[in-house]
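Presented below is the structure to which this report refers.
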Amino acid sequence: MITATRTHGFTESVIRGMTRLANRHDAINLAQGFPNFPAPDVLKEAAIEAIKQDVNQYAITWGAKRLRDAISCRYAEWYGMEVDPEEEITVTCGSTEAMASTLLSIVDPGDQVIVFDPFYENYGPDTILCDASPVHIPMGVGEELDAERLADAFSNRTRAIILNTPNNPTGKVFSLEELEAIAALCQQYDAYAVTDEIYEHIVYEGRHIPIATIPGMRDRTITISGASKTFSITGWRVGTIIAPGGVTNAIRKVHDFLTVGAPAPLQEGVAAGLELLGRDYYDSLLADYTVRRDVMCRGLVEAGFQCDAPQGSYYVLADFTALSDLPDDEFSYWLTSEIGVAVVPGSSFYSSPEDGRELVRFAFCKTVDVLEEAVRRLMALRHR
Ligand code: GLN
């Protein structure tokens, strides 16, 4: 009999649960966001070579030097950010561990953490594990930041704001003006910006701006990203954190005791990818995702869903009220078992589940043939 209460505030991951359901019904899995296409050869070859060379033991706990150097070079090239690979970078087991290690190292029990609603489901349990209280700010699909509302949410109990741009699940890409408004509040209330930028290279409209590049923010921003989405390797579990030296020291301690380090040979593979893949790679990643986005969104509208094309990321939240009266979770189970397409119930992204009852999330990180087959199955909804 388990009596510990630490996890009582949260349920198991709905996203990962939907993958198990999809597998059970042999459905097309557009629920959990993982690609079905191959990773770039340079990464695979470098990882294989590392294993052949017996890179089998722990890397330095905060990341192999080669990988930290490569990350530092790319941030300078992409965003003009000067990042010290010795003092300011931590490599983690995916950005999931990056977020948990970051919050555990900067948030004290009782602190408040601002989270936009809807949000990626891990942020809820992460704040609960820190004994902090989340303060939710609604920002629905297609909405802009309400700076006054955000200002009302900040107080001297605010330790951090979690920002996710491009956003999972809404696809929103925060604009410079919005980031500046958030930055001003972080500075006014002496709060950290913890920013999840894992979809940074999948931006269809606007451009990705790391909030760390806004004047005054470098010293109070923890920038989280990783290789999962950029190189289509969600199972390799290689995440990254860039933070000022003092914060990095704290994060490295938590990271060390949680996981010791990310897989050593796979860090070599990611380092090779960062070193060798240039503009062409990122351009074609985006071009391919743009086609997938268009196939998905057009198909959803044809099948009777209501949705707007996302500005970034590889998700689209769709309203299904024209198709069914079921609540989102039952509709998702039914779609998985009867139609053969798995999705994530919208309610799992909202602090008040009622707000997501009419929505489901589709992940379109699949080859076009798979997306077309999913759309073909969804068309059956129209003809029922
Ligand atoms: N971020 C992806 C999603 O939202 C995958 C999450 C995960 O399972 N780590 O589907």
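Observations on the model:
- Fraction of accessible area attributable to carbon and sulfur, segment 113-253 (%, probe 1.4 Å): 45
- Accessible area of Tyr75 in the full protein assembly, 1.4 Å probe (Å², nearest 10): 10
- Selected from Val295, Ala264, Ala342, residue furthest toward positive end of dipole (segment 237-347; charges at beta carbon): Ala264
- Size of electric dipole in the chain: Cβ of Lys, Arg +1 and of Asp, Glu -1, about Cα centre, debye, nearest 20: 860
- Computed helical MRE - 222 nm, the chain, DSSP H runs ≥ 4 contributing -39500 (n - 2.57), nearest 500: -13000 deg cm²/dmol
- The 1.4 Å probe gives accessible areas that order Asp288, Asp117, Asp329, largest first, as Asp288, Asp329, Asp117.
- Distance between modelled label sites at Glu177 and Tyr281, nm, 7 Å Cα→Cβ extension: 3.6
- Projecting the Cα positions of Phe37, Ser101, Ile15 onto the charge dipole of segment 14-107 (unit charges on Cβ atoms of Lys, Arg, Asp and Glu, taken about the Cα centre) puts Ile15 furthest along the positive direction.
- Lysine pairs with alpha-carbon atoms under 26 Å apart, the chain, spacing 8 or more or separate chains: 11
- Beta bridges from DSSP with both residues in the chain: antiparallel share about 45 percent, rounded to the nearest 5.
- log₁₀ of I(q)/I(0) at q = 0.09, 0.10 Å⁻¹ - segment 272-384, Debye sum with one point per alpha carbon: -0.27, -0.33
- If the chain linking Thr367 and Asp54 were pulled fully straight, counting 0.36 nm for each residue of separation and taking away their Cα-Cα distance, it would gain 109.3 nm.
- Dipole moment magnitude, nearest 20 debye, segment 160-206 about Cα centre, only Lys, Arg, Asp, Glu C-beta charged: 120
- Accessible surface, the chain, averaged per residue in Å² (probe 1.4 Å): 42
- Percentage relative contact order, segment 1-154, counting C-alpha pairs under 8 Å, at least six apart: 18
- Label-point separation, Arg207 to Thr5 (7 Å along Cα→Cβ), nm: 5.1
- Charged neighbours of Arg298, selected by a Cβ distance under 14 Å, balance to 0 (K, R count +1; D, E count -1).
- Cβ charges +1 (Lys, Arg) and -1 (Asp, Glu), total dipole of segment 33-162, debye: 360
- Sparse packing (at most 11 other Cβ atoms within 10 Å of the Cβ) combined with a DSSP loop state is found for the following GluC sites (Glu not before Pro) in segment 1-72: Glu12.
- Rounded to the nearest whole Hz, the Karplus-based 3J(HN,Hα) values (6.51 cos²θ - 1.76 cosθ + 1.60, θ = phi - 60°) of segment 224-234 follow the sequence 10, 7, x, 8, 3, 8, 5, 10, 6, 9, 4, with x at glycine and proline.
- Sorting 229-237, 35-43, 143-151 by average packing, meaning the other beta carbons within 10 Å per residue, from highest down gives 229-237, 35-43, 143-151.
- As a length-normalised measure over Cα pairs under 8 Å and 6 or more apart, the relative contact order of segment 212-286 settles at 24 percent.
The values are calculated or read from the model by the stated rules, or taken from the named source; none is laboratory data. Worth saying up front: this structure is predicted, and the values here are computed from it rather than measured. Note: ideal-geometry Cβ built from the backbone for every residue, glycine included; neighbour counts use all protein chains shown. The accessibility values were calculated without ligands, DNA or RNA, using every heavy atom of the protein model including side chains. Shrake-Rupley method; radii C 1.70, N 1.55, O 1.52, S 1.80 Å.
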